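The values are calculated or read from the model by the stated rules, or taken from the named source; none is laboratory data. Source: prediction; values computed, not measured. Using ideal geometry, Cβ is built from the backbone for each residue, glycine included, and neighbour counts are taken over all protein chains shown. These accessible areas exclude ligands, DNA and RNA; they are computed on the full protein's heavy atoms, side chains included. Shrake-Rupley method; radii C 1.70, N 1.55, O 1.52, S 1.80 Å.
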Amino acid sequence: MKLKNILPIFITLIMLSCNSNKVTDEADYSQYLSTKIDQTKLLEDVDFWTNRIENSSSSYTYLISRANANSEVFNVTGEIDYLIKAEKDLLEANKIVKDSDAGLLKNIATNYISQHRFKDALVLLKKAEANGAKLNGTKKMLFDVHLELGNYIYAEAYLKDLKNTSSFDYLIRLSKLEDHKGNLDGAIENMEKAMAIAESSNLKGMKLWSYTNIADFYGHAGDIDKSYAYFLKALELDPNNAYAKKGIAWIVYSHEKNPAEALNILNHVTSYHNTPDYDLLKAEIAEYNNDSKLKAESLRNYQTAVKNELYGDMYNQYNVIVFSEDLLMPERALEIAMQEVENRPTPQSYNLLAWSYFRTGNIEKANEIMEEFVEGKTYEPAVIYHIAEIYKAAGKTAKVQPLKAELLASIYELGPTMVSKINQL
């Protein structure tokens, strides 16, 4: 074969090799990158119920309706003010009925869960449980909150009480529990069953929830093609879904190593749905791209956003990392980590406490916390990395190497900026 015939084949093979990580196609998702939110139209429902409240002597049901409308604005825009407005309306409604409406108590608890006020949510759910109305729904939420608080025995007890393998709500919670236990295969299997139920019922909310969650699970399992496919299916149902777009941006960044396109997607999302964690993701991508200006700008934007007192403790977990690593203020990180353990005494929170002690130079205390409260109790790669670093500093080298292998296998989930850090373990 002549060289002129070989050369095009050779070039094609090189191109295929260079694009071996390519999963996404801009043509698949570009149609979803034109979302524009009309705030006036979005607030029409809120205004409608405000008028009803102002012109009625009995505002109970209208307050709940306005709270639901404000919650929807929060879900679309990410603007915390609307979640707090919803809380105020729900509390005002609850004053009228004095804790007697179990459905309203659960509605307030849902709002508190969104604010990461899990202990406050638990208090209300226990009242709803004592009320006895629509008890199964209350038990589902009690499972959710106990899992978030690290009360795993209680969570499993409620789930056992709810057991129904043909129930979407049961299966998604069983999936969440299996994921917590580190059984990713079991989590995926149960989420697939839940998704089948959602599709057969053809209910948009159930389908959307199952598509985004199973996309996450497939990503954790390294099945990036399926992860991408289900994020796209979510966008077919809801073209404005910020979470699905963020998921695609992560694939483009972490798997395909295309920071420019990932930022393009994120910049679109934050034009209508902006929460502080997006700024941290932009900062991470900027670091990978050696763009110190964008990283600094993104971190400033994050700090400005979380100064809003309405966020309360919602961003404690992020703040610990930012203060300990980016701002080099480990003592402040330690204070926040202590508060987070008080709010939510999970292995993940204790991990942040150990990491904060480690960053202050107290390796002995960090190691002690990891051994007692974290090791073997969570399987999140970010936590495993912290364990490995602390054990390395404590001289427990025999324990580090197996963790290093596990982390290298989880590099998609951790992100490409972690490769050099893991290799140095």
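Give segment 404-424 a look and list any residue that's in a helix (DSSP H, G or I) and of a type in the set (A, V, I, L, M, F, W, C), or say none. Step through it out loud before you land on a result.
Within segment 404-424, the subset in a helix (DSSP H, G or I) is 404-408, 411-414, 416-423.
Correct list: ALA405, LEU407, LEU408, ILE411, LEU414, MET418, VAL419, ILE422.
Kindly establish whether LYS176 is in contact with an Asp or Glu (Cβ under 6 Å, 6 or more places away or on another chain) and on the phi < 0 side of the Ramachandran plot.
No.
Please specify each residue of segment 130-146 satisfying the condition of being without any contact (Cβ under 8 Å) to a residue 24 or more places away in the chain and open to solvent by 40 Å² or more (accessible area, probe 1.4 Å). Walk me through it before giving the result.
Step one: filter segment 130-146 for residues without any contact (Cβ under 8 Å) to a residue 24 or more places away in the chain, giving 130, 135, 139, 142.
Answer for segment 130-146, where residues must be without any contact (Cβ under 8 Å) to a residue 24 or more places away in the chain and open to solvent by 40 Å² or more (accessible area, probe 1.4 Å): ALA130, LEU135.
Counting just the residues of segment 287-312 that are under 21 Å from the mean Cα position of the chain (by Cα) and either among the aliphatic types (A, V, I, L, M) or open to solvent by less than 20 Å² (accessible area, probe 1.4 Å) (or both), which one comes out nearest to LYS257 (Cα to Cα)?
In this case the residue turns out to be SER298.
Can you pull out every residue in segment 322-340 that is of a type in the set (A, V, I, L, M, F, W, C) and either surrounded by fewer than 20 Cβ atoms within 10 Å (Cβ to Cβ) or not in a helix (DSSP H, G or I) (or both)? Even if it seems obvious, please write down each step before you answer.
First, pick out the residues of segment 322-340 that are of a type in the set (A, V, I, L, M, F, W, C): 322-323, 327-329, 333-334, 336-338.
Once the filter is applied, which keeps residues that are of a type in the set (A, V, I, L, M, F, W, C) and either surrounded by fewer than 20 Cβ atoms within 10 Å (Cβ to Cβ) or not in a helix (DSSP H, G or I) (or both), segment 322-340 yields LEU327, LEU328, MET329, MET338.
Considering only residues that are open to solvent by less than 50 Å² (accessible area, probe 1.4 Å) and farther than 22 Å from THR346 by Cβ, which ones fall in segment 114-128? Give the derivation first.
Keep residues of segment 114-128 that are open to solvent by less than 50 Å² (accessible area, probe 1.4 Å), which gives 114-115, 118, 121-122, 124-125, 128.
Of everything in segment 114-128, just one residue is open to solvent by less than 50 Å² (accessible area, probe 1.4 Å) and farther than 22 Å from THR346 by Cβ, namely ALA128.
Do we have any residue at all in segment 151-170 that's free of Cβ contacts under 8 Å to residues at least 12 places away in the same chain and β-branched (Val, Ile, Thr)?
Checking segment 151-170: at least one residue is free of Cβ contacts under 8 Å to residues at least 12 places away in the same chain and β-branched (Val, Ile, Thr).
Quick one: in segment 346-373, which of the residues that are open to solvent by less than 50 Å² (accessible area, probe 1.4 Å) and either within 19 Å of LEU177 (Cβ to Cβ) or of a type in the set (Lys, Arg) (or both) is nearest to the chain's Cα centre (by Cα)?
GLN348
I need the full set of residues from segment 50-77 which are open to solvent by 70 Å² or more (accessible area, probe 1.4 Å) and over 30 Å from THR270 (Cβ atoms), in order please. So that I can check it myself, show each step before the final result.
Our first condition is that a residue be open to solvent by 70 Å² or more (accessible area, probe 1.4 Å); within segment 50-77, this holds for 51-52, 54-55, 57-58, 61, 68, 72, 75.
Answer for segment 50-77, where residues must be open to solvent by 70 Å² or more (accessible area, probe 1.4 Å) and over 30 Å from THR270 (Cβ atoms): ASN51, ARG52, GLU54, ASN55, SER57, SER58, THR61.
Quick test for you: out of ASP38, ASP47, ASP28, pick the one residue that is more than 30 Å from ALA130 (Cβ to Cβ), open to solvent by 40 Å² or more (accessible area, probe 1.4 Å) and in contact (Cβ under 8 Å) with a residue 40 or more places away in the chain.
Numbers: ASP38 fails: in contact (Cβ under 8 Å) with a residue 40 or more places away in the chain; ASP47 fails: in contact (Cβ under 8 Å) with a residue 40 or more places away in the chain.
Sole residue among the options that is more than 30 Å from ALA130 (Cβ to Cβ), open to solvent by 40 Å² or more (accessible area, probe 1.4 Å) and in contact (Cβ under 8 Å) with a residue 40 or more places away in the chain: ASP28.
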